[in-house]
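Step one of this worksheet: look at the structure below.
The values are calculated or read from the model by the stated rules, or taken from the named source; none is laboratory data. The structure presented is a predicted model; accordingly, all values stated were derived computationally and were not measured. In this analysis, Cβ positions are derived from the backbone assuming ideal geometry, glycine residues included, and neighbour counts consider all displayed protein chains. Areas reflect the complete protein model, heavy atoms only, side chains present, ligands, DNA and RNA absent. Shrake-Rupley method; radii C 1.70, N 1.55, O 1.52, S 1.80 Å.
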Amino acid sequence: MPAAIPLTLELAGLSTALLLLLGVPLAWGLARGRGWWVEALGAVIALPLVLPPTVLGFYLLILLGPHGPLAPLLALAGLHTLAFSFTGLVIGSVVCSLPFMVQPVRSAFAAIGSAPWEAALTLRAAPWDAFVFVILPLARGGIVTGAILSFAHTLGEFGMVLMLGGDIPGKTEVLSIVIFNDVETLRWPEAGALAAGMAVFSFGVILVTLRAEARMARLRA
Amino acid sequence: MTLPRPPSRRQLAMLAALGIVAFGLRPAPARAEETSVAVAADFTVPAKRLAAAFEQKTGDTLVLSFAASGQILAQITQGAPYAVFLSADAARPRKLAAMGLAVPGSVFTYAVGRLALWSAQPGFVDAQGQVLQTGHFTHLAIANPQSAPYGAAAVQALKALGVYAAVAPKLVTGENIAQAYQFIASGNAELGFVALSEVLQDKSGSAWVVPQSLYQPIMQDAALLKAGEDDPAARAFLAYLQTPEARAIIRGYGYGTTP
């Protein structure tokens, strides 16, 4: 059990970092793009919101396994499968939490409108500079929200981990699995303590971040 | 993991209704009843077959719910309205009786589970299970030994063979026996311990039927729950499970039965 706490935090932290790198450009593309593919891509990204995590976990089990499309790459790396590994869980978490990152950031980009971007370009800012120094600060609220939601969601992710993880202590046994096992084996006091701890911690993370965000907004005003 | 209820429920209900019409005018009418049965996930397929045979005989309707035994136990303690519980072990029905949630004296062994070492690859598991000693694999799947009886039996067998310490780093654990099966069937684990009944249904890959001397018999016990105490259909189904006909069906799925 003690190993599960740092492991879960590491999984949530690493997944959130990867989601920032992946989700912010995706959200920009969705907010700025025009054409039928925008909504099609948006729908694909939103799928994890509606699909049961066990379904996602099952597909990932096939996808990351020795008969999946990634198998040749895995063989090059000397691996049999990505299931039952921390790496596999990170990939799964990124997939499952992608809509939690992309949706708020996309909304933030859309709310900014095209004026600041065009103004920056007119003033001869390079597109990269305009994005980093104009757009990202303006969209900071959405990005912070996306990161908090992704972190909190990964912290509590259960169905996907159950299907893909194989319950290996120190590698794939995250907190939600420990709680589940405690309930299954009637260790309800332990399950209750962990669940309460998790709820309090999640509440704390969200509260602290939201307060920091509100203070920043006041300072800016 | 949990299979949907059989689609024929409506037809069965109609059959049951026909039964009422046919017998309704008799002095002692055979009334059709609906009874809910909670079934351990490993027994899903035989339970459906047994329920269908029972319904055909009696006109009663059985509503089957499938989950891991541990989950069912937790649900019953929280007031789930099941009349009958077919567990994957002997401990949980006994525990329910001790808690006053099962009818005392109603607990009996309906099936004896048997363990098999299975791989989806043909020829991977040899007839003596030597593959456990030679160890050319990265993942060995078992059910959770804390909560699933087949998982506990798998650990006992590994210890009896003297290979537990060697394979422990390669163990991956499914929540129940059906998930362990999934890990192996998808190829993510090269091999693992599952229920013989699952292997017999699939018949692909390679398997070793683990000798019963290597693990404690997996007694699967049934219990009449408090919610079903006054339910004649629930009692009738439990009685049916002990008939030679039902026992033959159960053995046909790779389970043993007690004498």
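Measuring heavy-atom accessible area with a 1.4 angstrom probe and counting protein chains only, the residues of segment B:180-199 that give up at least 10 Å² relative to the chain alone are B:Gln182, B:Phe183, B:Ser186, B:Gly187, B:Asn188, B:Glu190. Across segment A:4-220, the convex hull enclosing all Cα atoms gives 145 Å³ per residue. Placing unit charges on the Cβ atoms only, positive for Lys and Arg and negative for Asp and Glu, gives the protein assembly as shown a dipole magnitude near 580 debye about its Cα centre.
For B:Phe108, the residues whose modelled amide H falls within less than 5 Å of its own, excluding neighbours fewer than 5 places apart on the same chain, are B:Ala222. Using the alpha-carbon centroid of each, what span in Å lies between segment B:63-92 and segment A:191-221? Their Cα centres are 38 Å away from one another. Can you tell me the 0 to 90 degree angle between the C-alpha axis of helix B:44-58 and the longest principal axis of chain B, rounded to 10? Roughly 20 degrees, rounded to the nearest 10. Positive end of the charge dipole of segment B:62-215 (Lys, Arg +1 and Asp, Glu -1 on Cβ, about the Cα centre): tell me which of B:Pro145, B:Ala91, B:Val194 has its Cα farthest that way. Sorting the options by dipole projection puts first B:Ala91. In the full protein context, the protein assembly as shown carries 46 Å² of accessible surface per residue, based on a 1.4 Å probe and ignoring ligands, DNA and RNA. Interface area, chains B and A: about 2000 Å² of buried accessible surface, summed, with a 1.4 Å probe and ligands, DNA and RNA left out. Three principal axis extents describe the C-alpha atoms of the protein assembly as shown; from largest down they are 94, 63, 44 Å. A:Leu7 sits among other residues whose Cβ lies under 13 Å from its own Cβ, and their net charge, with Lys and Arg +1 and Asp and Glu -1, is -3. Net charge dipole, segment B:115-209: roughly 160 debye, given to the nearest 20, about the Cα centre with Cβ charges of +1 for Lys and Arg and -1 for Asp and Glu. If you fit an axis through the alpha-carbon atoms of helix A:140-156 and take the longest principal axis of the Cα set of chain A, what angle between them do you get, 0 to 90°, nearest 10? It is inclined by approximately 10 degrees.
Using Cβ point charges alone (K and R +1, D and E -1), the dipole size of chain B about the Cα centre works out to roughly 240 debye.
Within the accessible area of chain B, the carbon and sulfur atoms contribute 57%, probe 1.4 Å, all protein chains present. Expressed to the nearest 5 percent, the antiparallel share of DSSP beta bridges inside the protein assembly as shown is 55 percent.
Residue-normalised convex hull volume from the C-alpha trace of segment B:28-152: 153 Å³ per residue. Using a simple spin-label model with pseudo-atoms 7 Å out from Cα toward Cβ, B:Thr243 and A:Arg211 lie 6.9 nm apart.
Charge tally around B:Ser206: other residues with Cβ under 15 Å, Lys/Arg +1 each, Asp/Glu -1 each, net -3. A simple count of charges around A:Glu184, restricted to other residues whose Cβ falls under 13 Å of its Cβ and scoring Lys, Arg +1 and Asp, Glu -1, yields -3.
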